Amino acid sequence: MSGPKALLLVFSEVGSRVPTEEYHDWYNNEHIPLRVNTSTFSSWARFQEIDGLKPVYAAYYDLESVESTKIPPYSQLAETRSEREKTIMANLDLVDRRLYESYTGPSLRPSSLYNPRQTARYTVLVETEVKPEAEEDFNRWYDEEHIPMLAKVPGWVRSRRFVLKEDGVMGVEGLKRTEAPPKHLAVHEWATQEKLESDAYKQAMSTPWRTKVLESVVRKTRREMELYKQWTRDD
């Protein structure tokens with residue numbers, strides 16, 4: 001199916017009603033394996049927080065397109081859920097699902113550390129909502145300055161950007177969310193955690209243009225996650 005590529009990002013918090021061991025067994029041995037062999041998905045990876053924040057777990061999947069989630073085989077995944085999956089998902093504290101479309105502006109090629117068959121060990125997820133009148137400058141800053149400067153930091157693997165299209169939330173904690181997530185998502189992948197000590201990173205985070213952009217930011221969240229497990233499809 002044609003259209004820009006997409007990304008499905010799902011945060012989850014287990015809570016006390018589901019044993020953590022059972023949660024991982026279901027996710028690793030049932031939930032994701034059913035997605036590996038469908039044409040809609042092209043990557044499958046789970047992550048765990050390293051920033052001390054909640055939700056503790058996240059997973060993201062590269063998708064063929066937003067449109068591909070409206071038709072089989074993707075649409076059948078919810079229709080054919082096992083009783084076990086229905087029970088677990090109904091009892092988790094939080095399932096926070098966000099569907100994004102790839103940003104269509106300029107992109108920078110990944111570094112030599114990038115391996116298409118191996119998810120980077122560390123991921124930084126940055127969600128940003130800016131004032132509508134500032135979006136053009138926000139996009140230019142990301143494209144022309146911010147990502148090119150991050151690319152000079154040792155350990156940088158790649159940075160990708162996405163725009164929110166749909167979101168949904170389940171669970172006791174999830175019901176407390178009253179607004180949609182921020183519109184813009186940046187996924188920065190890193191091979192190491194040493195970036196904060198780098199002069200190149202400090203420079204990227206302290207430019208006059210960045211300071212100007214931040215004045216127009218309405219909401220922003222930043223999560224640091226470490227790879228928990230990934231899957232590959234046998235080609």
With the checklist (1) within 21 Å of LYS202 (Cα to Cα); (2) outside any helix (DSSP H, G or I) in hand, flag the one item GLU129 doesn't pass. (1)
Single residue of SER107, SER82 found to be within 30 Å of PRO154 (Cβ to Cβ) and touching a residue at least 24 places away in the same chain (Cβ under 8 Å): SER107
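Are any of the residues in segment 13-23 over 26 Å from GLU173 (Cβ atoms) and not in a loop (DSSP other than H, G, I, E, B)? Reasoning before the result, please.
Filtering segment 13-23 for residues over 26 Å from GLU173 (Cβ atoms) gives none.
The answer is no; no qualifying residue exists.
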Counting only residues that are closer than 20 Å to GLU64 by Cα and within 16 Å of the chain's Cα centre (by Cα), segment 91-117 contains a total of 7
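In segment 202-233, how many are among the small types (Gly, Ala, Ser) and without any contact (Cβ under 8 Å) to a residue 60 or more places away in the chain?
Summing the residues that are among the small types (Gly, Ala, Ser) and without any contact (Cβ under 8 Å) to a residue 60 or more places away in the chain in segment 202-233 gives 2.
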Checking THR128 against (1) in contact with a His (Cβ under 9 Å, 6 or more places away or on another chain); (2) touching a residue at least 40 places away in the same chain (Cβ under 8 Å); (3) surrounded by fewer than 18 Cβ atoms within 10 Å (Cβ to Cβ): exactly one of these is not met. Which one? (3)
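Take VAL217 and tell me if it is at pLDDT 95 or above and either surrounded by 13 or more Cβ atoms within 10 Å (Cβ to Cβ) or within 29 Å of VAL95 (Cα to Cα) (or both).
Values: at pLDDT 95 or above: yes; either surrounded by 13 or more Cβ atoms within 10 Å (Cβ to Cβ) or within 29 Å of VAL95 (Cα to Cα) (or both): yes.
Here the answer is yes, as VAL217 does meet what is asked.
When you check VAL213 against the structure, is it closer than 30 Å to SER65 by Cβ and either in a strand (DSSP E or B) or of a type in the set (Phe, Trp, Tyr) (or both), yes or no? It would help to see each step written out before you state the result.
Numbers: closer than 30 Å to SER65 by Cβ: yes; either in a strand (DSSP E or B) or of a type in the set (Phe, Trp, Tyr) (or both): no.
Spelling it out, it is not the case that VAL213 is closer than 30 Å to SER65 by Cβ and either in a strand (DSSP E or B) or of a type in the set (Phe, Trp, Tyr) (or both).
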Looking at the structure I just gave you, is ASP96 in a strand (DSSP E or B) and under 20 Å from ARG222 (Cβ atoms)? yes
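Of all residues in segment 43-89, count the ones that are assigned to a loop (DSSP other than H, G, I, E, B), of a type in the set (D, E, K, R) and either within 20 Å of PRO4 (Cα to Cα) or in contact with a helix residue (DSSP H, G or I) (Cβ under 6 Å, 6 or more places away or on another chain) (or both).
Going residue by residue through segment 43-89, those that are assigned to a loop (DSSP other than H, G, I, E, B) are 43, 50-56, 64-66, 71-73, 80-82.
Keeping just the survivors that are of a type in the set (D, E, K, R) gives 51, 54, 64, 81.
Retained after the next criterion (residues that are either within 20 Å of PRO4 (Cα to Cα) or in contact with a helix residue (DSSP H, G or I) (Cβ under 6 Å, 6 or more places away or on another chain) (or both)): 64.
Total satisfying the criteria: 1.
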Does LEU175 satisfy being within 29 Å of TYR57 (Cα to Cα), among the hydrophobic types (A, V, I, L, M, F, W, C) and over 17 Å from the mean Cα position of the chain (by Cα)? yes
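The values are calculated or read from the model by the stated rules, or taken from the named source; none is laboratory data. These figures come from a predicted structure and were not determined experimentally. Note: ideal-geometry Cβ built from the backbone for every residue, glycine included; neighbour counts use all protein chains shown.
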